[in-house]
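Chemist: I'd like to ask some things about the structure below.
Read-outs: derived from the displayed coordinates by stated rules, not from any lab. What you see is a predicted model; the values in this text were computed from it and never measured. Counting neighbours? That spans all protein chains shown, and the Cβs are built from the backbone with ideal geometry, glycine included.
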């Protein structure tokens, strides 16, 4: 075989092997990685604590987008969030779950890794001091993270007793 043709053959063979290897590596890594959850945060345009909670979510691996509203009550009604479970912002995950208020990202991650067929999401009612986005120095008030169900009821999902 001519040396010029032999070199071209080796080059084409090496290219085919590398391309196939890259394809299988990419296909394998895509299958083993968990899908990236995106969060849509409905908030007031002037709310500073919402912006701080968004930073918390982003620093914990979530991708967020925001929509500013002059009337968040309409959003909360649309997602059937009862008045006793409401807070300053309403977040909707790409999976369709609702996360109301200043929920620590670790509980969102935990919730999304579990099976909750009767749940609409989680809530931290009000704006407890020390929750993500509501940090004021060392001040802290214990609070509950509630799981919200389709029938309008809730139960304690997690107790947050310290920072």
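Chemist: Looking at (1) touching a helix residue (DSSP H, G or I) at 6+ places or on another chain (Cβ under 7 Å); (2) free of Cβ contacts under 8 Å to residues at least 12 places away in the same chain, which is the one condition that is false for residue 74?
Modeler: Condition not satisfied by residue 74: (1).
Chemist: Sticking with this one: Within region 94-109, take every residue that is more than 26 Å from residue 161 (Cβ to Cβ) and touching a residue at least 40 places away in the same chain (Cβ under 8 Å) and give me the one that is surrounded by the most Cβ atoms within 10 Å (Cβ to Cβ). Walk me through it before giving the result.
Modeler: Quick first cut of region 94-109, residues more than 26 Å from residue 161 (Cβ to Cβ) only: 94-96.
Now restrict to residues that are touching a residue at least 40 places away in the same chain (Cβ under 8 Å): 94-95.
Working: 94: 14, 95: 10.
Step by step, filter region 94-109, then rank; the result is 94.
Chemist: Residue check: is residue 121 assigned to a strand (DSSP E or B) and either at positive phi or out of contact with any strand residue (DSSP E or B) (no Cβ under 6 Å at 6 or more places or on another chain) (or both)? Outline the logic, then answer.
Modeler: Numbers: assigned to a strand (DSSP E or B): yes; either at positive phi or out of contact with any strand residue (DSSP E or B) (no Cβ under 6 Å at 6 or more places or on another chain) (or both): yes.
Judged against the criteria, residue 121 is a match.
Chemist: Under the condition of being in contact with a helix residue (DSSP H, G or I) (Cβ under 7 Å, 6 or more places away or on another chain) and in contact (Cβ under 8 Å) with a residue 40 or more places away in the chain, which residue from region 110-131 is nearest to residue 79 (Cα to Cα)? Quick ask: steps written out before the conclusion?
Modeler: So the first thing to find is which residues in region 110-131 are in contact with a helix residue (DSSP H, G or I) (Cβ under 7 Å, 6 or more places away or on another chain), and the list is 122-123, 125, 127.
Imposing the further condition that a residue be in contact (Cβ under 8 Å) with a residue 40 or more places away in the chain reduces the set to 123, 125, 127.
On the way: 123: 12, 125: 15, 127: 19 Å.
Among residues in region 110-131 that are in contact with a helix residue (DSSP H, G or I) (Cβ under 7 Å, 6 or more places away or on another chain) and in contact (Cβ under 8 Å) with a residue 40 or more places away in the chain, the one nearest to residue 79 (Cα to Cα) is 123.
Chemist: Follow-up. Every residue in region 39-77 that is under 24 Å from residue 136 (Cα atoms), over 16 Å from the mean Cα position of the chain (by Cα) and surrounded by fewer than 19 Cβ atoms within 10 Å (Cβ to Cβ), please.
Modeler: Listed by number, the residues that qualify are 44, 45, 46, 47, 48.
Chemist: Got a number for residues in region 132-156 being part of a loop (DSSP other than H, G, I, E, B), without any contact (Cβ under 8 Å) to a residue 40 or more places away in the chain and farther than 23 Å from residue 77 by Cβ?
Modeler: Result for region 132-156: 5.
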